[in-house]
Amino acid sequence: MTAPTRRVKVAVAAAGFTSFALLYAPQPVLPQLAEQYHLDPAGASLAVSVATGALAISVLPIAALSEVVGRRPVILTSVLLSALLGLLLPLMPSYSLMLVLRAVQGVAIAGFPGVATAYLVERLGKTGVAAAVGAMIAGNSIGGMTGRLATGFTAGPLGWRGALYVVAGISLVCAVITAVALPPSIRQPGAERQTLRDVGAGLVAAVRKPVLLAQYAVALLAMGSFVALYNAAGFRLTGSPLNLSPAIASLVFLAYALGSVSSATAGRFAARIGRRRAVSAALVLMAVGAALTISDSLPMVVLGFVVLTCAFFAAHAIANGWAAAESPSNARGQVGGTYTLMYYLGSSVGGSIGSAVYGQAGWAWLIGAVVVWLLLAVAAVWVGTTVRSPAPARRELAPR
């Protein structure tokens, strides 16, 4: 591995850490937010869903902006601004103002996930992007795990506000690492900055290939399932019959460590049995993990979350890399932006719906909803990789 490649991987891993740690930092303290502000689980989950929803809405315009101003400036602005906003978040005097700032922070965070894959393709080429995407997602999962653990463990002695300060401080350090390490992207010889008309044409190209539509469906439904369960996990683990303390309940996020391993190795698994079978297997395994958590046995619940998490990150790594590899040369940013749009739309909508289902009907009904979503994602993969692309210029079927 060359020194520039190492710099790229360090930079995007640090940026992924920043983005995911900040985006999901409130998740472990949702029960505390519900108690302080007299909220039900659905209302408390807005602390996560508002940010992910704002991210989803913003990701395509920001991806289009990166075609004009370049990937690196967008990524650097994203990580630095989102970390600074994280430091302001605990100062908000009311829950409504906190939600407003979370929405602004979601817009800021959108600059990294919406642009990162296109940056990696330009910097490393299509042959090197799969491993780099796996490393980036591994960094994302470590950031998500560390941010959640830091919040969960410091909420007791410092309160939820102090816990959010801790995560924001760590994230700011990682943002500075990104600013120092991230090299400029490399455009192909003779390539010019895209005009707005080019961006629009690229967006059309990004939604014409059925194989790409299938990956967007995986992003939407798998992420919606994943966040729905983790949003409700704090209520499930701290409530009857498990009755864990918030700090002990936050240990469930250690499953992210294994998720980082599964995301980094998913590419080799897909190369061995084919992308379609690999991503389908990961989605089915997610459903199995979700079903295991219905048990009131703590070891079985923990096992279920481990299986769910490993399978989710594998599915995400395969689908994200598949979308990048299938993206037309004039639509890399738009494909990355559309994938990320669906990913965080799933987080926002799925997280909110899941919290509402849990609040109204309980954990078993939430698991039932999640299993249905995951089976729909499997169906989308098989349909999307069977139907021919409507674009006459395309010369090949999607890889099996």
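The values are calculated or read from the model by the stated rules, or taken from the named source; none is laboratory data. Since we're looking at a predicted model, the values are computed, not measured. Positions of Cβ are generated from backbone atoms using ideal geometry, with glycine treated the same way; all protein chains shown enter the neighbour counts. The protein model used for the area step is the full one, side chains on, heavy atoms only, and it has no ligands, DNA or RNA in it. Shrake-Rupley method; radii C 1.70, N 1.55, O 1.52, S 1.80 Å.
Numerical summary
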{"item": "Pairwise label distance in nanometres, residue 94 with residue 201, each label 7 Å out on the Cα-Cβ vector", "result": "5.0 nm"}
{"item": "Accessible surface of the chain [probe 1.4 Å, protein heavy atoms]: carbon and sulfur percent", "result": "70 percent"}
{"item": "For region 31-47, Karplus couplings with θ = phi - 60° (6.51, -1.76, 1.60), whole Hz, Gly/Pro x", "result": "x, 5, 5, 4, 5, 5, 9, 6, 10, 8, x, 5, x, 5, 5, 4, 4"}
{"item": "Residue among 360, 334, 36 with the largest mean-square fluctuation in a Gaussian network model of the chain, springs linking Cα atoms under 10 Å", "result": "36"}
{"item": "Stokes-Einstein translational diffusion, region 283-326 - Kirkwood Rh over all Cα pairs, 1.002 mPa s, 20 °C, in µm²/s", "result": "197 µm²/s"}
{"item": "Rounded to 10°, Cα long-axis angle of helix 95-109 versus longest principal axis of the chain", "result": "20 degrees"}
{"item": "Taking the chain and dividing mean pair separation by its residue count, relative contact order in percent (alpha carbons under 8 Å, at least six apart)", "result": "27 percent"}
{"item": "Net charge of Cβ neighbours under 15 Å - reference residue 251; Lys, Arg +1; Asp, Glu -1", "result": "+2"}
{"item": "Rough spin-label spacing in nm, given labels placed 7 Å along Cα→Cβ, for residue 243 and residue 258", "result": "2.7 nm"}
{"item": "Full-stretch length increase - residue 375, residue 186 - with 0.36 nm per residue and alpha-carbon distance subtracted", "result": "64.1 nm"}
{"item": "Top of 71, 148, 272 by mean-square fluctuation, Gaussian network on the chain, Cα under 10 Å", "result": "272"}
{"item": "On Cα atoms only, tilt of 332-345 relative to the major axis of the chain in degrees", "result": "20 degrees"}
{"item": "Principal-axis tilt of helix 298-326 within the chain, Cα atoms, nearest 10 degrees", "result": "20 degrees"}
{"item": "Surface per residue (accessible, 1.4 Å probe) for the chain, Å²", "result": "37 Å²"}
{"item": "Principal axes of region 4-114: Cα extent on each, largest first, Å", "result": "49, 27, 22"}
{"item": "Distance between modelled label sites at residue 296 and residue 265, nm, 7 Å Cα→Cβ extension", "result": "3.6 nm"}
{"item": "The chain - Debye-derived log10 I(q)/I(0), Cα point model, q = 0.08, 0.11, 0.12, 0.14 Å⁻¹", "result": "-0.37, -0.72, -0.86, -1.19"}
